[in-house]
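Everything below concerns the one structure shown next.
The values are calculated or read from the model by the stated rules, or taken from the named source; none is laboratory data. None of these values were measured; they are calculated from a predicted model. Using ideal geometry, Cβ is built from the backbone for each residue, glycine included, and neighbour counts are taken over all protein chains shown.
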Amino acid sequence: MAAPLLLIGAGRMGGALLKGWLARELGPVLVIETNPSPELKRLAKREVTLLESIDDAPKRLRACVIALKPQILKTEAARLRAIAESGVPMISIAAGSSIKLMSRAWGKSARIIRTMPNTPGSIGEGISALYAAPNVTLRDRKLAESLLAALGETVWVKRETDIDAVTAVSGSGPAYVFLLVECLEEAARKEGLPPSIAHRLARQTIIGAGALLKADDAPAEALRRNVTSPHGTTEAALGVLMAKDGLAPLIKRAVSAARRRARELAT
């Protein structure tokens, strides 16, 4: 039997990973979660093994995946040193938690991979960026990629600092889209539409646009132009959104703020 995977933290993102692994039958899984959800408790009865603490983890593991919030990882990282020293690849999804920070807790020989998934991974529509420390083996990389592929697409970055940018763009990005839905719905209500209709129009417009992006390989710019008739209503709206003080500089400032915060978390 293959050595088990160890998942530390089964909240929203860890739970999505677990769901994807089970669907893909990636082997036995051990889970450490201080506040297990009803679903996790149900899975523990037949599909996964729920451990009470790190001390209960076996010495032989295939990988250790850490799905903790960065603030929690800072306080709990030292407890994982024995696992890291055993040579198990350590795969972290904690935003802002640098390899330097984790190496201080786990030792310089720890084989660490940082990754940043996003919440659409809970339905298999996510994207995860990965970065590997120099001592990570090709086998480790392939394993990490297969584990994160359970959430959707994967991409490798060459510089660790790029993970902070990924966090700001795709990690936090779904929240930006959800805010757009809120704003569009509010604007619809202001124009006199009933709340129920405003809600449905805003929501389905974003859902449909996303589906069109997935179905059509054309650049987003081309798809935008397809919707924009000369001197029409869309062009009038885009004149506002594409002004010098419009959406583009606002998004740039938002992403920059998120990236700065990711760097702060690493200190």
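Considering Leu30, Leu50, Leu18, Leu26, which residue is closer than 19 Å to Gly121 by Cα and not in a loop (DSSP other than H, G, I, E, B)? I'd like the intermediate steps shown before the answer.
Details: Leu30 fails: closer than 19 Å to Gly121 by Cα; Leu50 fails: closer than 19 Å to Gly121 by Cα; Leu26 fails: not in a loop (DSSP other than H, G, I, E, B).
Testing whether each residue is closer than 19 Å to Gly121 by Cα and not in a loop (DSSP other than H, G, I, E, B) leaves just Leu18.
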### Query
What are the residues in the stretch 180-209 that are loosely packed, with under 14 Cβ neighbours inside 10 Å and in contact (Cβ under 8 Å) with a residue 24 or more places away in the chain, if any?
none
### Message
Against the condition in contact with a helix residue (DSSP H, G or I) (Cβ under 9 Å, 6 or more places away or on another chain) and not assigned by TED's automatic domain parsing to the domain that holds Gly15, how does Asp164 come out, does it pass?
### Response
yes
### Task
Looking only at the stretch 235-267, count how many residues are surrounded by fewer than 13 Cβ atoms within 10 Å (Cβ to Cβ) and of a type in the set (Val, Ile, Thr).
2
#### Entry: Pairs, first within 21 Å of Gly126 (Cβ to Cβ) in the stretch 210-222, second outside any helix (DSSP H, G or I), C-beta under 9 Å, six or more apart
Gly210/Glu125; Lys214/Glu125
### In the stretch 212-238, residue nearest to Ala248 (Cα to Cα) [restricted to those that are in contact with a helix residue (DSSP H, G or I) (Cβ under 9 Å, 6 or more places away or on another chain) and among the hydrophobic types (A, V, I, L, M, F, W, C)]
Leu238
#### Entry: Residue among Ala63, Ala23, Ala67, Ala77 that alone is hydrophobic (A, V, I, L, M, F, W, C), under 23 Å from the mean Cα position of the chain (by Cα) and surrounded by fewer than 12 Cβ atoms within 10 Å (Cβ to Cβ)
Ala23
### Task
Answer yes or no: is there a residue in the stretch 60-70 that is touching a residue at least 40 places away in the same chain (Cβ under 8 Å), outside any helix (DSSP H, G or I) and in contact with a Lys or Arg (Cβ under 6 Å, 6 or more places away or on another chain).
no
### Cross-chain or 6+ apart pairs with Cβ under 8 Å, the stretch 226-250 first and part of a loop (DSSP other than H, G, I, E, B), then surrounded by 11 or more Cβ atoms within 10 Å (Cβ to Cβ) and not hydrophobic (A, V, I, L, M, F, W, C)
Thr228/Thr234; Thr228/Glu235; Ser229/Glu235
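Results for (1) β-branched (Val, Ile, Thr); (2) at pLDDT below 95; (3) closer than 19 Å to Tyr176 by Cα, shown as yes or no for each residue.
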{"site": "Ala218", "(1), (2), (3)": "no, no, no"}
{"site": "Arg224", "(1), (2), (3)": "no, no, yes"}
{"site": "Thr228", "(1), (2), (3)": "yes, no, no"}
{"site": "Thr234", "(1), (2), (3)": "yes, no, no"}
{"site": "Gly239", "(1), (2), (3)": "no, no, no"}
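For (1) modelled with pLDDT of 90 or more; (2) more than 18 Å from Leu80 (Cβ to Cβ); (3) among the β-branched types (Val, Ile, Thr), each residue gets a yes or a no:
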| position | (1), (2), (3) |
| --- | --- |
| Ala3 | yes, no, no |
| Leu7 | yes, no, no |
| Ile32 | yes, no, yes |
| Leu43 | no, yes, no |
### Task
Of the conditions (1) within 23 Å of Ala262 (Cα to Cα); (2) of a type outside the set (Gly, Ala, Ser); (3) at pLDDT below 95, Thr115 clears all except one; give me its number.
(3)
## Note on the structure
Val31 passes all but one of the listed conditions (1) among the hydrophobic types (A, V, I, L, M, F, W, C); (2) closer than 23 Å to Asn135 by Cα; (3) out of contact with any Lys or Arg (no Cβ under 7 Å at 6 or more places or on another chain); the exception is number (2)
### Task
Return yes or no: is Leu212 at pLDDT 95 or above and exposed (fewer than 15 other Cβ atoms within 10 Å of the Cβ)?
yes
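Return the residues of the stretch 127-165 that are of a type in the set (Val, Ile, Thr) and either modelled with pLDDT of 95 or more or in a strand (DSSP E or B) (or both); say none if nothing qualifies.
Listed by number, the residues that qualify are Ile127, Val136, Thr137, Thr154, Val155, Val157.
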### Message
Can you tell me how many residues within the stretch 84-103 are in a loop (DSSP other than H, G, I, E, B), touching a strand residue (DSSP E or B) at 6+ places or on another chain (Cβ under 6 Å) and over 16 Å from Pro117 (Cβ atoms)?
### Response
2
